[in-house]
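The values are calculated or read from the model by the stated rules, or taken from the named source; none is laboratory data. Just so it is clear, the structure is predicted and the values come from calculations on it, not from any experiment. Cβ coordinates were reconstructed from backbone atoms using ideal geometry, including for glycine residues, and neighbour counts include every protein chain displayed. The area values use the complete protein model at the heavy-atom level, side chains included, leaving out ligands, DNA and RNA. Shrake-Rupley method; radii C 1.70, N 1.55, O 1.52, S 1.80 Å.
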Amino acid sequence: MNDRAGASTKLLLWLPGVIAVVLLVAPLAIRDRLPDPLAIHWDLSGAPNGFGPLILIALVSSVAVAIAWVVFLRTYRVEMLQSHAGAMVWFLAILMGGMEAFTISANLDRATWQDAGTFGPGRAAVLVVLAGLVGFGVWRVLGGNMSDPGVAIGPAPSAGVELGEHAVWVGKTAAAKGFVGIALAITVGSAVAAVLRLTPVVTLSLVVTALPLLMFVSLRARVSNTAVTVWMGIFGVPRVSYPLSRIIRAEVIDVRPLAYGGWGYRIVKGARAWIVRRGEGIRLVRPGKADIVITVDGAAGAAGLINDVLMTEGRFVAADSS
Amino acid sequence: MLIKLKTDSRIPLHEQIATGVRRAIQEEQVGVGDRLPAARELARALDVNMHTVLRAYAGLRDEGVIEMRRGRGAVVIGEVSRVQFRASLRAVVADARRIGLSDADILNELQGVL
């Protein structure tokens, strides 16, 4: 890594910490020019309809960025994870920084929070898009688009299915108990928030967090002689099917979620991965298309059947000859 | 769970399916409380009639291996050891018949061992 790259990486690493401090100190430094309480919430027309103490705004945005920053620093040496943590901290830093800046400018030199200027959904949307773009940029810079890190265990297996036999393989896997616990806790939390009629933002963010978690607590898979089908989560949605006609080989691999940047549906260079837990999984090798990685229990059975079907149809290609 | 079917075999298709499920339980690929694939789904994947799969499931239910629950489909309830025991018993009975023992003879032999 040359000096310039090193310097920009250092900036990516340390600047969020500075932003966290500025988010706390800046509003307090100009508190004489701000009403207290100040407007912190606006309706869809952009008129202020909610208020809160100045210190709350400063603390919430600063602490959110600071927590993400600490996670980023802690994960910096972990391959792949650093790019995701980096994207998250920068997304939050831009979002929180922008929201605080808009909030302060809307309240600046106003007598009471009701007099605050407008902050419409248009600006909020621009902010989210901007934060998303910066997050994506940081993700790319920190190597978020690295190649499929799954390591094949042994040669491509066989399940002993012969010509003239019909066979089907069904399997499933579940996330670690801790992950399931967190998913359930957030789901219960979002249900409680909905019942207690907390602010729509709180309820919506809990629901938005709970849904993908529930989607990735478990996975069901089926291998038939035409396709590999995957059902995600307790609802079985999304359901994806990968036709065997595009596959040339199935391998058993050891999946390390952190190497793919975490759990869920992961995109790395040359592969798409459905990850529910660490450990055994299958990789479907598809020439000209991204490989597919799926975490399943009894991976050898699944991969074996796929290879047997490909073998009987004369389409199997071994690893060294592909 | 891998289920294989030989369409040209003398063993009926539903028996082959049931054997596949039993083997999967013995090899602990599926355990107590696990749901078997829906009959329609399995039939489609194996390219057989849905009633063939239902017949296999009904047989497994009568053996106490699975339970058919409304809305939940077929759920494994048989303890692995019990299923294994039944499987070996079935093999013993098949052996006995092969050497020409009648059902009464087999029962007598069993009683002798007990």
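Gyration tensor over the Cα atoms of the range A:3-141: the corresponding equivalent ellipsoid has semi-axes (square roots of 5 times the eigenvalues, largest first) of 31, 16, 11 Å. For the range A:154-171, putting each phi into the Karplus relation 6.51 cos²θ - 1.76 cosθ + 1.60 with θ = phi - 60° gives couplings of x, x, 4, x, 10, 9, x, 8, 9, 4, x, 9, 9, 8, 9, 10, 10, x Hz, in residue order, rounded to whole numbers and with x for Gly and Pro.
Note on residue B:4: lysines with a C-alpha under 22 Å away, same-chain residues under 8 apart excluded, are A:172.
Share of carbon and sulfur in the accessible area of chain A stands at 68%, probe radius 1.4 Å.
Select from the range A:155-218 those trypsin sites (Lys or Arg not before Pro) which occupy a DSSP coil region and have at most 13 other Cβ atoms within 10 Å, ordered by residue number. Each step should come with its number before you reach the end.
Numbers: sites: A:172, A:177, A:197; in loops: A:197.
Filter output for the range A:155-218: A:197.
Calculate the dipole size of chain B relative to its Cα centre from +1 charges on Lys and Arg beta carbons and -1 charges on Asp and Glu beta carbons; express the result in debye to the nearest 20.
Its charge dipole is roughly 440 debye.
Using only side-chain charges placed at the Cβ, +1 for Lys and Arg and -1 for Asp and Glu, the dipole size of the range A:3-141 relative to its Cα centre rounds to 440 debye.
With contacts defined as alpha carbon pairs under 8 Å and 6 or more residues apart, what's the relative contact order of chain B in percent? Please report the intermediate quantities before stating the final value.
Details: 108 pairs, mean separation 26.4, N = 114.
Reported as a whole number, the value is 23 percent.
Protein-only accessible surface at a 1.4 angstrom probe places the residues B:68, A:96 in the order B:68, A:96, largest first. Using a probe of 1.4 Å, the accessible surface attributed to residue A:36 totals some 110 Å² when neighbouring protein chains are kept in position. Pick from B:42, B:60, B:101: which is most flexible by mean-square fluctuation in a GNM of chain B where alpha carbon atoms under 10 Å apart are linked? Looking only at B:42, B:60, B:101, the biggest GNM fluctuation is shown by B:101. In this view, the solvent-accessible surface of residue A:263, computed with a 1.4 Å probe and all protein chains in place, comes to about 110 Å².
With a 1.4 Å probe rolled over the protein heavy atoms of all chains, the accessible area of B:6, A:269 falls in the order A:269, B:6, largest first.
Of the residues A:138, A:67, B:38, the one whose Cα sits farthest toward the positive end of the charge dipole of the protein assembly as shown, with +1 on the Cβ of Lys and Arg and -1 on the Cβ of Asp and Glu, is A:138. Of all DSSP-defined beta bridges confined to chain A, some 90% are antiparallel rather than parallel. Counting only residues at least eight positions apart within a chain, or on another chain, the lysines with an alpha carbon under 26 Å from that of residue A:10 are A:269. Of the trypsin sites (Lys or Arg not before Pro) found in the range B:13-114, the ones in coil according to DSSP and having at most 11 other Cβ atoms within 10 Å of their Cβ are B:70, B:72. A dipole drawn for the range A:178-307 from +1 and -1 charges on Cβ atoms has a positive end, and of A:247, A:228, A:215 the residue lying farthest that way is A:247. Given a 1.4 Å probe and the protein chains as shown, residue A:240 ends up with an accessible area of around 40 Å².
Just to be sure I follow the definition: excluding the sites themselves, where is the longest run in chain A that has none of the GluC sites (Glu not before Pro) in a DSSP loop with at most 16 other Cβ atoms within 10 Å?
Working: sites that count: A:79, A:162, A:313.
With a cap of 16 other Cβ atoms within 10 Å, the longest stretch comes to A:163-312.
For the range B:1-25, accessible area lost to neighbouring protein chains reaches 50 Å² or more, against the chain alone with a 1.4 Å probe, at B:1, B:2, B:4, B:6.
Using the heavy atoms of the protein chains alone and a 1.4 angstrom probe, what is the accessible area of the protein assembly as shown per residue in square angstrom?
Values: 23080 Å² over 436 residues.
Counting only protein heavy atoms, the per-residue value for the protein assembly as shown is 53 Å².
Taking beta carbons within 10 Å but only from partner chains, what does the mean come to for residues A:224-230? Write down the numbers at each step before the final one.
Values: counts 6, 3, 3, 1, 0, 2, 0.
Taking the mean over all residues of the peptide, I get 2.
Its convex hull of Cα atoms gives chain B a direction-averaged projected area, equal to a quarter of the hull surface, of 8.1 nm².
Heavy atoms of chains B and A lose about 1400 Å² of accessible surface on contact, summed over both sides with a 1.4 Å probe. Fully extending the segment from residue A:47 to residue A:197 would add 51.8 nm, taking 0.36 nm per residue of separation and subtracting the current Cα-Cα distance.
Residues A:41, B:14 ordered from highest to lowest accessible area at a 1.4 Å probe: A:41, B:14.
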